[in-house]
Amino acid sequence: ITPLLIADVSAQQENLAVSFKVQEPDCAHLMPLFALFSPYLPREWERAQGEIALEVEARFNRQFALKQLQGHGYVRNLDLLNSDLGLCFSIEELKGKFSSPQGSDWSTWTAELSLKGGSALHSLIGVEELEGELALEPEQEPRVSVTGRWARAEQKMPFHIRGNGAIHNDHSFWTQLTLDCTSSKMQTMRSEISCCGPDQKQIILQMAVEDL
(Lines give C-alpha, C1' and ligand atoms only; values in the text may rest on other atoms or scores of the structure.)
Protein backbone atom coordinates (compact mmCIF):
# COMPACT_ATOMS: atom_id res chain seq x y z
CA ILE A 1 0.00 0.00 0.00
CA THR A 2 1.42 3.40 -1.04
CA PRO A 3 1.05 6.11 1.66
CA LEU A 4 -1.11 9.09 0.67
CA LEU A 5 1.21 11.58 2.40
CA ILE A 6 4.89 11.30 3.28
CA ALA A 7 6.33 13.98 5.60
CA ASP A 8 9.87 14.46 6.88
CA VAL A 9 11.31 16.86 9.46
CA SER A 10 15.07 17.06 10.05
CA ALA A 11 17.70 19.41 11.50
CA GLN A 12 20.43 20.36 9.05
CA GLN A 13 23.22 22.48 10.57
CA GLU A 14 21.37 25.58 11.89
CA ASN A 15 18.28 25.05 9.73
CA LEU A 16 15.10 23.05 10.12
CA ALA A 17 14.09 21.22 6.95
CA VAL A 18 10.45 20.25 6.43
CA SER A 19 9.23 18.35 3.38
CA PHE A 20 6.12 16.50 2.32
CA LYS A 21 5.14 14.48 -0.70
CA VAL A 22 1.71 13.54 -2.03
CA GLN A 23 1.34 11.09 -4.91
CA GLU A 24 -2.04 9.56 -5.69
CA PRO A 25 -2.67 7.64 -8.94
CA ASP A 26 -6.43 7.70 -8.28
CA CYS A 27 -7.69 11.17 -7.30
CA ALA A 28 -11.05 9.72 -6.22
CA HIS A 29 -9.38 9.04 -2.85
CA LEU A 30 -8.62 12.75 -2.46
CA MET A 31 -12.01 14.26 -3.30
CA PRO A 32 -13.49 13.99 0.24
CA LEU A 33 -10.31 15.70 1.52
CA PHE A 34 -10.64 18.58 -0.96
CA ALA A 35 -14.25 19.10 0.13
CA LEU A 36 -13.04 19.88 3.66
CA PHE A 37 -11.24 22.99 2.37
CA SER A 38 -14.22 24.40 0.45
CA PRO A 39 -17.96 24.03 1.17
CA TYR A 40 -18.65 24.57 -2.55
CA LEU A 41 -16.93 21.35 -3.61
CA PRO A 42 -19.11 18.21 -3.51
CA ARG A 43 -17.82 15.19 -1.61
CA GLU A 44 -19.25 12.72 -4.10
CA TRP A 45 -18.57 12.61 -7.84
CA GLU A 46 -20.08 10.17 -10.32
CA ARG A 47 -16.76 10.04 -12.09
CA ALA A 48 -13.44 10.98 -10.52
CA GLN A 49 -10.17 9.81 -11.96
CA GLY A 50 -6.71 11.16 -12.61
CA GLU A 51 -3.22 11.26 -11.11
CA ILE A 52 -2.06 13.98 -8.69
CA ALA A 53 1.46 14.51 -7.31
CA LEU A 54 3.00 17.31 -5.23
CA GLU A 55 6.34 17.63 -3.46
CA VAL A 56 7.36 20.66 -1.33
CA GLU A 57 10.45 21.38 0.75
CA ALA A 58 10.97 24.34 3.12
CA ARG A 59 13.90 25.42 5.30
CA PHE A 60 13.62 27.61 8.41
CA ASN A 61 16.24 29.22 10.65
CA ARG A 62 16.28 29.06 14.46
CA GLN A 63 13.70 31.88 14.63
CA PHE A 64 11.43 29.85 12.29
CA ALA A 65 11.79 32.47 9.55
CA LEU A 66 11.47 31.00 6.07
CA LYS A 67 14.89 30.70 4.40
CA GLN A 68 14.18 28.56 1.33
CA LEU A 69 11.12 27.11 -0.37
CA GLN A 70 10.79 24.92 -3.44
CA GLY A 71 8.37 22.45 -4.91
CA HIS A 72 6.96 20.81 -8.00
CA GLY A 73 3.88 18.83 -8.98
CA TYR A 74 1.49 17.74 -11.68
CA VAL A 75 -2.06 16.67 -12.47
CA ARG A 76 -2.61 14.23 -15.33
CA ASN A 77 -5.68 12.81 -17.03
CA LEU A 78 -8.09 14.45 -14.58
CA ASP A 79 -11.77 13.70 -15.25
CA LEU A 80 -14.50 14.82 -12.83
CA LEU A 81 -18.28 14.64 -13.33
CA ASN A 82 -21.20 15.60 -11.09
CA SER A 83 -24.53 15.51 -12.93
CA ASP A 84 -26.54 16.84 -9.98
CA LEU A 85 -24.62 20.14 -10.14
CA GLY A 86 -24.08 19.99 -13.89
CA LEU A 87 -20.30 20.17 -13.45
CA CYS A 88 -17.60 18.57 -15.56
CA PHE A 89 -13.85 19.21 -15.26
CA SER A 90 -11.01 17.71 -17.24
CA ILE A 91 -7.26 18.31 -17.54
CA GLU A 92 -4.91 16.44 -19.81
CA GLU A 93 -1.87 17.77 -17.99
CA LEU A 94 -1.16 20.56 -15.51
CA LYS A 95 2.40 20.80 -14.24
CA GLY A 96 4.46 23.38 -12.42
CA LYS A 97 7.41 24.14 -10.21
CA PHE A 98 8.51 27.00 -7.98
CA SER A 99 11.58 28.04 -6.03
CA SER A 100 12.41 30.77 -3.54
CA PRO A 101 16.13 30.58 -2.66
CA GLN A 102 15.82 33.50 -0.22
CA GLY A 103 12.54 32.73 1.52
CA SER A 104 9.84 35.39 1.36
CA ASP A 105 11.86 37.80 -0.82
CA TRP A 106 9.57 38.12 -3.89
CA SER A 107 12.41 39.37 -6.09
CA THR A 108 14.10 35.94 -5.96
CA TRP A 109 11.04 33.81 -6.76
CA THR A 110 10.92 31.66 -9.89
CA ALA A 111 7.85 29.72 -11.01
CA GLU A 112 6.55 27.91 -14.06
CA LEU A 113 3.03 26.61 -14.69
CA SER A 114 1.66 25.04 -17.86
CA LEU A 115 -1.80 23.73 -18.74
CA LYS A 116 -2.67 21.41 -21.61
CA GLY A 117 -6.11 20.19 -22.63
CA GLY A 118 -8.24 21.71 -19.88
CA SER A 119 -11.99 22.30 -19.65
CA ALA A 120 -14.50 23.45 -17.03
CA LEU A 121 -18.11 23.01 -18.12
CA HIS A 122 -21.44 23.78 -16.46
CA SER A 123 -24.84 22.83 -17.85
CA LEU A 124 -25.27 26.48 -18.97
CA ILE A 125 -21.78 27.77 -19.78
CA GLY A 126 -18.13 26.81 -19.62
CA VAL A 127 -14.67 26.96 -21.13
CA GLU A 128 -12.93 24.26 -23.16
CA GLU A 129 -9.74 23.51 -25.10
CA LEU A 130 -7.74 25.44 -22.50
CA GLU A 131 -4.01 25.86 -23.04
CA GLY A 132 -1.91 28.15 -20.88
CA GLU A 133 1.38 29.02 -19.29
CA LEU A 134 2.70 31.26 -16.54
CA ALA A 135 6.32 32.29 -15.96
CA LEU A 136 7.88 34.15 -13.04
CA GLU A 137 11.60 34.96 -13.06
CA PRO A 138 13.79 37.35 -11.05
CA GLU A 139 14.23 40.83 -12.54
CA GLN A 140 11.69 40.08 -15.29
CA GLU A 141 8.00 40.87 -15.65
CA PRO A 142 5.68 37.93 -14.85
CA ARG A 143 4.00 36.55 -17.95
CA VAL A 144 0.70 34.70 -18.36
CA SER A 145 -1.06 33.45 -21.48
CA VAL A 146 -4.28 31.41 -21.74
CA THR A 147 -6.20 30.36 -24.86
CA GLY A 148 -9.47 28.47 -25.14
CA ARG A 149 -13.12 28.74 -26.13
CA TRP A 150 -16.17 29.98 -24.29
CA ALA A 151 -18.92 27.35 -24.67
CA ARG A 152 -22.59 28.23 -24.32
CA ALA A 153 -25.21 25.99 -25.89
CA GLU A 154 -24.17 25.75 -29.55
CA GLN A 155 -22.07 28.91 -29.46
CA LYS A 156 -18.28 28.67 -29.40
CA MET A 157 -16.18 31.79 -28.92
CA PRO A 158 -12.36 31.56 -29.04
CA PHE A 159 -10.48 33.79 -26.58
CA HIS A 160 -6.92 34.70 -25.65
CA ILE A 161 -5.83 36.17 -22.31
CA ARG A 162 -2.42 37.79 -21.92
CA GLY A 163 -1.01 39.37 -18.82
CA ASN A 164 2.09 40.79 -17.18
CA GLY A 165 2.98 42.75 -14.10
CA ALA A 166 5.37 43.11 -11.17
CA ILE A 167 5.47 43.03 -7.36
CA HIS A 168 8.08 45.12 -5.56
CA ASN A 169 9.63 44.68 -2.12
CA ASP A 170 7.92 47.84 -0.87
CA HIS A 171 4.57 46.03 -1.53
CA SER A 172 3.72 48.24 -4.51
CA PHE A 173 2.56 46.37 -7.62
CA TRP A 174 1.09 46.71 -11.10
CA THR A 175 -0.61 44.28 -13.43
CA GLN A 176 -2.35 44.30 -16.79
CA LEU A 177 -4.65 41.74 -18.43
CA THR A 178 -5.77 41.77 -22.06
CA LEU A 179 -8.69 39.62 -23.26
CA ASP A 180 -9.38 39.11 -26.98
CA CYS A 181 -12.65 37.31 -27.74
CA THR A 182 -13.94 36.40 -31.23
CA SER A 183 -17.68 35.94 -31.87
CA SER A 184 -19.33 33.52 -34.30
CA LYS A 185 -19.54 36.43 -36.77
CA MET A 186 -15.74 36.77 -36.60
CA GLN A 187 -15.94 40.05 -34.71
CA THR A 188 -13.18 40.55 -32.14
CA MET A 189 -13.65 42.41 -28.87
CA ARG A 190 -10.71 43.45 -26.72
CA SER A 191 -10.89 44.18 -23.00
CA GLU A 192 -7.96 45.60 -21.08
CA ILE A 193 -7.79 45.80 -17.31
CA SER A 194 -4.93 47.59 -15.56
CA CYS A 195 -4.43 47.67 -11.82
CA CYS A 196 -1.67 49.21 -9.74
CA GLY A 197 -1.02 49.83 -6.08
CA PRO A 198 1.51 52.64 -5.63
CA ASP A 199 1.39 52.09 -1.87
CA GLN A 200 -0.48 50.03 0.74
CA LYS A 201 -3.31 52.59 1.06
CA GLN A 202 -4.63 52.89 -2.49
CA ILE A 203 -5.36 50.82 -5.59
CA ILE A 204 -5.92 52.29 -9.04
CA LEU A 205 -8.07 50.30 -11.50
CA GLN A 206 -8.64 51.09 -15.17
CA MET A 207 -10.70 49.18 -17.77
CA ALA A 208 -11.20 49.69 -21.50
CA VAL A 209 -13.33 47.75 -24.02
CA GLU A 210 -13.15 48.12 -27.79
CA ASP A 211 -14.11 46.38 -31.03
CA LEU A 212 -11.23 45.53 -33.37
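The values are calculated or read from the model by the stated rules, or taken from the named source; none is laboratory data. None of the values given here were measured: they were computed from a predicted structure. When we count neighbours, we look across all protein chains shown, and the Cβ atoms used for this are built from the backbone with ideal geometry, even at glycine. Each accessible area value is taken on the protein alone, full model and side chains, heavy atoms only, with ligands, DNA and RNA left out. Shrake-Rupley method; radii C 1.70, N 1.55, O 1.52, S 1.80 Å.
To the nearest 20 debye, what charge dipole does the stretch 57-212 have about its Cα centre, counting +1 at the Cβ of each Lys and Arg and -1 at the Cβ of each Asp and Glu?
Working: 15 positive and 21 negative charges, 58 e Å.
Dipole about the Cα centre, nearest 20: 280 debye.
Please give me, ordered by residue number, the trypsin sites (Lys or Arg not before Pro) of the stretch 35-85 that lie in loop per DSSP and have at most 13 other Cβ atoms within 10 Å. Intermediate results must be reported in sequence, preceding the final value.
On the way: sites: 43, 47, 59, 62, 67, 76; in loops: 43, 62.
Sites meeting the loop and neighbour criteria: 43, 62.
Length gained on full extension, residue 47 to residue 202, computed as 0.36 nm times the residue gap minus the Cα-Cα distance: 51.2 nm. Could you tell me whether the chain comes out rounded, prolate or oblate from its Cα gyration tensor? Rule is a ≥ b ≥ c as square roots of the eigenvalues, rounded for a/c under 1.5, then prolate if a/b exceeds b/c, otherwise oblate. Cα axes put the chain in the oblate bin.
What is the gain in length, in nm to one decimal, between residue 176 and residue 108 on full extension, counting 0.36 nm per residue of separation less the C-alpha to C-alpha distance?
Working: separation 68, 0.36 × 68 = 24.48 nm, distance 2.14 nm.
Gain in length upon complete extension: 22.3 nm.
Ordering 5, 194, 150 by the projection of their Cα atoms onto the charge dipole of the chain, which places +1 on the Cβ of Lys and Arg and -1 on the Cβ of Asp and Glu, puts 194 at the extreme positive end. With contributions of -39500 (n - 2.57) from each DSSP H run of at least four residues, the per-residue ellipticity at 222 nm computed over the chain stands at -1000 deg cm²/dmol.
When peptides 118-124, 87-93, 150-156 are ranked by their average number of other Cβ atoms within 10 Å per residue, the highest-first order is 87-93, 118-124, 150-156.
Which one, 15, 37, 181, projects farthest toward the positive side of the charge dipole computed for the chain from Cβ point charges (K/R +1, D/E -1)? Value computed over the given set: 37. In a shell of Cβ-Cβ distance under 10 Å around residue 189, excluding residue 189 itself, what net charge do Lys and Arg (+1) and Asp and Glu (-1) give? Once positives and negatives cancel, what remains is -2. Counted residue by residue at 0.36 nm each, then reduced by the alpha carbon distance between them, the extension gain from residue 191 to residue 18 reaches 57.9 nm. Taking the chain as the region of interest, the number of lysine pairs whose Cα atoms are within less than 27 Å, with members eight or more places apart or on different chains, is 11.
Nonpolar atom fraction for the chain, defined as the carbon and sulfur part of the 1.4 Å probe accessible area, stands at 56 percent.
Dipole of the stretch 11-73, Cα-centred, from +1 at each Lys and Arg C-beta and -1 at each Asp and Glu C-beta, to the nearest 20 debye?
Details: 6 positive and 8 negative charges, 71 e Å.
So the dipole magnitude of the stretch 11-73 works out to roughly 340 debye.
Separation of the stretch 79-98 from the stretch 1-65 is 18 Å, based on Cα centroids.
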